[in-house]
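The values are calculated or read from the model by the stated rules, or taken from the named source; none is laboratory data. The model shown is predicted, which means the values in this text are computed figures rather than measured ones. For neighbour counting, all protein chains shown are included, and Cβ atoms are generated from backbone atoms with ideal geometry for every residue, glycine included.
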Amino acid sequence: MRNIEEKVIVAGFGGQGVMLMGQILSYTATEEGLNTVWIPSYGPETRGGTANCSVIISSEMINSPVVPVPNTIIAMNKPSLEKFEPKLTPGGTALVNSDLIKDYTFRDDIIVYSVPCNAMALSLGNLKVANMIMLGAYLESTHLFEVQAIEKTFNKLFVGDKAKLITLNKNALSAGIEVVKKQRI
């Protein structure tokens, strides 16, 4: 097994599926036999307030759940980017929702992927899958898990009435992967 030490902060407004992204990463890590910690943080509001979570995924024991310096940040809105981009390790990766983040000067010592999550989600017919598009972009940028591992997690999480959402979420994941592939060319 390869040595893994991923520290990611996922952030955005409440209602953007930020916590679900972190939970899926953490759940998948557990299924893949890795050590993981998922720590949510909510603003005072439920929808529209700030929300973020820290996820650590490691092949070694995790000594602290705190992520003061992430390797990766996922910013679904501009306030989240402004808060967490300064903490990103040099050489780290920022995945940003370019539909809500415009006119931002990024540090020159990080890798940035711009993902038009909202527009892409609307083209798939459901704005709520913007987070899964971003999750696909994250997968392609890190190669942390195979797509099939995340899809297996979908099958375990989306049960009952939610099972009908699996295909849509898989399509969103694939769309996010393609965005990052195109930016690497």
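The rows are residues; the columns are (1) touching a helix residue (DSSP H, G or I) at 6+ places or on another chain (Cβ under 9 Å); (2) under 25 Å from Leu157 (Cα atoms); (3) at pLDDT 95 or above.
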{"position": "Ile4", "(1), (2), (3)": "yes, yes, no"}
{"position": "Val55", "(1), (2), (3)": "yes, yes, yes"}
{"position": "Val69", "(1), (2), (3)": "yes, no, yes"}
{"position": "Asp99", "(1), (2), (3)": "yes, no, yes"}
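Screening region 45-144 for helices (runs of 4 or more DSSP H) wholly inside it with 3 or more residues that are touching a His at 6+ places or on another chain (Cβ under 6 Å) returns no ranges. May I ask you to verify whether Thr50 is buried (at least 17 other Cβ atoms within 10 Å of the Cβ) and at pLDDT below 95? Yes. Only residues that are crowded, with 17+ Cβ neighbours inside 10 Å, of a type outside the set (S, T, N, Q) and within 8 Å of Ile73 (Cβ to Cβ) were counted in region 86-102, giving 4. Among the numbered conditions (1) farther than 18 Å from Thr72 by Cβ; (2) under 15 Å from the mean Cα position of the chain (by Cα); (3) loosely packed, with under 15 Cβ neighbours inside 10 Å; (4) β-branched (Val, Ile, Thr), the only one that Thr105 does not meet is (2). Would you say Ile110 is without any contact (Cβ under 8 Å) to a residue 40 or more places away in the chain and touching a Lys or Arg at 6+ places or on another chain (Cβ under 6 Å)? Considered against the rule, which asks whether it is without any contact (Cβ under 8 Å) to a residue 40 or more places away in the chain and touching a Lys or Arg at 6+ places or on another chain (Cβ under 6 Å), Ile110 comes out as no. Of the residues that make up region 156-175, is at least one closer than 20 Å to Leu95 by Cβ and touching a residue at least 60 places away in the same chain (Cβ under 8 Å)? No, region 156-175 contains no residue that is closer than 20 Å to Leu95 by Cβ and touching a residue at least 60 places away in the same chain (Cβ under 8 Å). Please determine whether any residue of region 125-144 is under 17 Å from Met19 (Cα atoms), surrounded by fewer than 20 Cβ atoms within 10 Å (Cβ to Cβ) and out of contact with any Ser or Thr (no Cβ under 8 Å at 6 or more places or on another chain). Yes, because at least one residue in region 125-144 is under 17 Å from Met19 (Cα atoms), surrounded by fewer than 20 Cβ atoms within 10 Å (Cβ to Cβ) and out of contact with any Ser or Thr (no Cβ under 8 Å at 6 or more places or on another chain).
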